[in-house]
């Protein structure tokens, strides 16, 4: 577990995912603008309950799929770094390819969001 987090953290620090992180940050800021709140509070709430806390522009499965298509290289690298692909579709309760892509993308988004926490 530690090496998975360390590898992902090193990639974040090396700005490997900067484009996708910037896009998600912009979407979070838009969400906060519409519904109120504070950035770090949103990040903490999203980290503890990403199933219920939604980011504007990443609510519908079709939006998440489009986001995957736009940033697939960074998302795939993130998922590889955290060893997502070692898990089967049944383990993550995805019963089709589309659902597998959506669930994987959501996991990557969560990793990117958590990486934005101020230290």
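Specify which of the listed residues (44, 40) is in contact (Cβ under 8 Å) with a residue 12 or more places away in the chain and either surrounded by 13 or more Cβ atoms within 10 Å (Cβ to Cβ) or in contact with a strand residue (DSSP E or B) (Cβ under 6 Å, 6 or more places away or on another chain) (or both). Spell out the reasoning first.
Numbers: 40 fails: either surrounded by 13 or more Cβ atoms within 10 Å (Cβ to Cβ) or in contact with a strand residue (DSSP E or B) (Cβ under 6 Å, 6 or more places away or on another chain) (or both).
So the residue among 44, 40 that is in contact (Cβ under 8 Å) with a residue 12 or more places away in the chain and either surrounded by 13 or more Cβ atoms within 10 Å (Cβ to Cβ) or in contact with a strand residue (DSSP E or B) (Cβ under 6 Å, 6 or more places away or on another chain) (or both) is 44.
Any residue at all in the stretch 94-103 that's under 11 Å from the mean Cα position of the chain (by Cα), over 14 Å from residue 24 (Cα atoms), part of a helix (DSSP H, G or I) and modelled with pLDDT of 95 or more? Scanning the stretch 94-103, I find at least one residue that is under 11 Å from the mean Cα position of the chain (by Cα), over 14 Å from residue 24 (Cα atoms), part of a helix (DSSP H, G or I) and modelled with pLDDT of 95 or more, so the answer is yes.
Is it the case that some residue within the stretch 97-113 is exposed (fewer than 13 other Cβ atoms within 10 Å of the Cβ) and without any contact (Cβ under 8 Å) to a residue 60 or more places away in the chain? Full working, then the answer.
Keep residues of the stretch 97-113 that are exposed (fewer than 13 other Cβ atoms within 10 Å of the Cβ), which gives 97-98.
Keeping just the survivors that are without any contact (Cβ under 8 Å) to a residue 60 or more places away in the chain gives 97-98.
Yes, the stretch 97-113 contains at least one residue that is exposed (fewer than 13 other Cβ atoms within 10 Å of the Cβ) and without any contact (Cβ under 8 Å) to a residue 60 or more places away in the chain.
If the requirement is being in contact with a helix residue (DSSP H, G or I) (Cβ under 8 Å, 6 or more places away or on another chain), more than 13 Å from residue 111 (Cα to Cα) and either in contact (Cβ under 8 Å) with a residue 40 or more places away in the chain or part of a helix (DSSP H, G or I) (or both), which of these qualifies: 29, 56?
On the way: 56 fails: either in contact (Cβ under 8 Å) with a residue 40 or more places away in the chain or part of a helix (DSSP H, G or I) (or both).
After applying the criteria, what remains is 29.
The values are calculated or read from the model by the stated rules, or taken from the named source; none is laboratory data. Everything quoted here is computed from the prediction, not taken from an experiment. So basically every Cβ, Gly included, is an ideal-geometry build from the backbone, and we count neighbours across all protein chains shown.
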